[in-house]
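The values are calculated or read from the model by the stated rules, or taken from the named source; none is laboratory data. The model shown is predicted, which means the values in this text are computed figures rather than measured ones. All Cβ positions, even for glycine, are placed from backbone atoms using ideal geometry, and neighbour counts span all protein chains on display. Surface areas here come from the heavy atoms of the whole protein model, side chains and all, with no ligands, DNA or RNA. Shrake-Rupley method; radii C 1.70, N 1.55, O 1.52, S 1.80 Å.
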Amino acid sequence: MQKGIEMMTILLYIGLALFIAAIIGYVLAAKINKDNTSRLKKAEKQALKKKHKTWLLLSHALLIIALGSVGTSLIQSSAGKYSLDKLNFHANIQVTTDKDYGRDHKDGTLMYDMKIPTSGTHSPHDLKFGFYKERPGYEMLVHNLEHGDIIIHYHPDAPKELLDRLEYLTHFKTAGAGVLAVPNVDVPADQEVVVTAWTKTMSLAKFDEASVGTFIHDYINKGPEQIPANVRLGGGTM
């Protein structure tokens, strides 16, 4: 992790240095072009014109490399911010392994044997990863579980502090799987959150980021049907 941070910093500084060099190059090119007046001899004008073109091409190249370096640094920084390793708290979590009710696809409203289902027949369509203010149907949520997503169920009247912490967790993803947080009236009154994966349930009387993070780290992308990231595109594409 530390080496990755160092590399991002190096790329950022290289990009900034090249950007400054490109600006200097453009300034010099502009000065050369200004000096190329009608009072100069033809050979001198041609020499200055060639020099001006060289500085422009060099500046263009430096600018492109600079933007590439800064862009790469920012992308790596964003990816590192939500690296799954950050959730590997090694917390001692109590997880229930639920009965596998199958994974057939069917349109329409469906009934489930579990209050908060973790498997079973479900919609052919899934949902995008992220934080939800309204609960989608279980039919689609179960489809997400099939693809290895993690779903955090919370009380609709949960305090803003908890909602902010849950929203942060929904940015984590790996391969083709991600995290969803949804309000759910089926969360027991004596539990603050219920976290689910395919055939896995963890209930917490009090939200604990170490426990939820460990659950996400251990069970994300463990569904029976794993889809590559370039196909799922953040969910909602199946």
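So which helices (runs of 4 or more DSSP H) are wholly in the stretch 149-238 and hold at least 3 residues that are open to solvent by 60 Å² or more (accessible area, probe 1.4 Å) and at pLDDT 95 or above? Helices (runs of 4 or more DSSP H) meeting the threshold: 160-169. Of all residues in the stretch 71-116, those that are at pLDDT below 95, open to solvent by less than 40 Å² (accessible area, probe 1.4 Å) and not small (Gly, Ala, Ser) total 2. In this structure, residue 212 does not satisfy being in contact (Cβ under 8 Å) with a residue 12 or more places away in the chain and closer than 18 Å to residue 146 by Cβ.
Okay, residues lined up against (1) within 21 Å of residue 136 (Cα to Cα); (2) in contact with a strand residue (DSSP E or B) (Cβ under 8 Å, 6 or more places away or on another chain):
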position	(1), (2)
178	yes, yes
185	yes, no
188	yes, yes
191	yes, yes
204	no, yes
213	no, no
235	yes, yes
238	yes, no
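Look at the stretch 137-148 and say how many of its residues are touching a residue at least 40 places away in the same chain (Cβ under 8 Å) and surrounded by fewer than 16 Cβ atoms within 10 Å (Cβ to Cβ). Total satisfying the criteria: 0. Within the stretch 18-32, residues that are assigned to a helix (DSSP H, G or I) reach partners that are surrounded by 14 or more Cβ atoms within 10 Å (Cβ to Cβ) and β-branched (Val, Ile, Thr) with beta carbons closer than 6 Å, at six or more positions or on different chains, in the pairs 18/65.
Among the residues of the stretch 133-148, which ones are touching a Ser or Thr at 6+ places or on another chain (Cβ under 8 Å) and outside any helix (DSSP H, G or I)? 137 - this is the single residue of the stretch 133-148 that is touching a Ser or Thr at 6+ places or on another chain (Cβ under 8 Å) and outside any helix (DSSP H, G or I). Condition test on residue 127, is it open to solvent by less than 30 Å² (accessible area, probe 1.4 Å) and modelled with pLDDT under 95? So residue 127 fails the test.
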